[in-house]
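Here the structure comes first, spelled out in structure tokens, and everything after it is commentary.
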Amino acid sequence: MDILFLEPIFKEMVWGGSCLKNFGFDIPSGKTGECWAVSAHPHGDCAIRNGIYKGWHLSRLWEEHRELFGNMQGDRFPLLVKIIDAKEDLSIQVHPDDAYAREHENGSLGKTECWYVLDCDEDATIIIGHRAKDKEEMKQMIEQKRWTEFLREIPVKKGDFFQIEPGTLHAIKGGTLILETQQNSDITYRVYDYDRMNEGSPRPLHLKQSLDVLKAPYILHTRNNIESPLKAPGITCLESCSCYTVWKIDVSGKTEFEALSPFMILSVVEGFGEINNILIRKGDHFILPSDYGAVTLAGKMKLIASTP
Ligand code: ZN
């Protein structure tokens, strides 16, 4: 079976920038915030770029050719991979888990996500977690807008990786370019938007839902220490949870491994080279379908890989 290359979808955002053009993409404007690189979500459903399924949307391939995805169960493609270019700060937000989203968001999935920092300004920071000791103090701090005291803001550098569990307060700040691997969901509750105006009015906040799902106190995430099935020089397992396993692959010369089931997603984030003699370069995103077999990566490049 052929590799499935995907056509990215771009989203313009108030906080977006123009860094995505450095991936060789033809971006719509200087406020391009997101590239949905591998997505079957109704708000952005990527088309296949090559082979016999050229032009098919990923959601249709999932529906009609489930064998490509190892006959995996589920009513929707499980993952979504994005590149986010934050020129300005994103709103401070939280996502629900599956149980809350199923009940309150029309059967949607919850959202667990993780970030690999592709690039950032020297003094860049991000927000992960908060400093309230319990739910009651959290409610007060939010209602009284004690943001500096409340928010846990930490420095960030290129190559950092963060796992964001549902119920964790988080925000990407300006000057950060990240690759996000997430559950296929678009449910976000906005806690605070820096009192900014968007086309004359503030974007809506979701305080009730946020207080429902936000966990307090914040507990620092420690990486789940699951044995990685993908082992080769240059391959680092970044995270493994019930939604996905994510790896960083540094290729310098040649890296060989067996593709994993039920399928693998790969994104080239630096450099260029080949996969089984097919040219690939920074900005390419593709899926290795079920039973793909032996993979040889050659060249000088960095990739982020995931499986459900
Ligand atoms: Zn998020």
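The values are calculated or read from the model by the stated rules, or taken from the named source; none is laboratory data. Owing to the predicted nature of the structure, the values given are computational and were not obtained by experimental measurement. Cβ sites come from the backbone with ideal geometry, for glycine too, and all protein chains shown count toward neighbours. Keep in mind that these areas ignore ligands, DNA and RNA; they rest on the heavy atoms of the full protein, side chains included. Shrake-Rupley method; radii C 1.70, N 1.55, O 1.52, S 1.80 Å.
How many residues are of a type in the set (A, V, I, L, M), touching a Pro at 6+ places or on another chain (Cβ under 7 Å) and closer than 15 Å to Ile84 by Cβ when one looks only at segment 16-73? Here the count works out to 1.
Taking strands (runs of 3 or more DSSP E) as the structural unit, those lying wholly within segment 251-299 and holding at least 1 residues that are at positive phi correspond to 264-275.
When the residues of segment 69-110 are filtered to those that are of a type outside the set (A, V, I, L, M, F, W, C) and assigned to a strand (DSSP E or B), the one that is farthest from the ligand (Cβ to nearest atom) is Asp85.
State yes or no: is Pro166 over 30 Å from Asn22 (Cβ atoms), open to solvent by less than 20 Å² (accessible area, probe 1.4 Å) and assigned to a loop (DSSP other than H, G, I, E, B)?
Yes: the conditions hold for Pro166.
Reported count of residues in segment 172-204, each being within 22 Å of His104 (Cβ to Cβ) and under 22 Å from the mean Cα position of the chain (by Cα), is 12. Every listed requirement among (1) within 24 Å of Trp62 (Cα to Cα); (2) surrounded by fewer than 14 Cβ atoms within 10 Å (Cβ to Cβ) is met by Asn277 save one, (1). Considering the conditions (1) assigned to a loop (DSSP other than H, G, I, E, B); (2) more than 16 Å from the ligand (Cβ to nearest atom), Glu149 is excluded by exactly one of them, (1). Scanning segment 72-83 for residues that are among the aliphatic types (A, V, I, L, M) and either open to solvent by 50 Å² or more (accessible area, probe 1.4 Å) or touching a helix residue (DSSP H, G or I) at 6+ places or on another chain (Cβ under 9 Å) (or both) returns Met72, Ile83. Filtered by the rule that a residue be closer than 30 Å to Glu149 by Cβ and either outside the structural domain of Asp160 (by TED's automatic domain parsing) or buried (at least 19 other Cβ atoms within 10 Å of the Cβ) (or both), segment 102-124 gives Gly110, Lys111, Thr112, Glu113, Cys114, Trp115, Tyr116, Val117, Cys120, Ala124.
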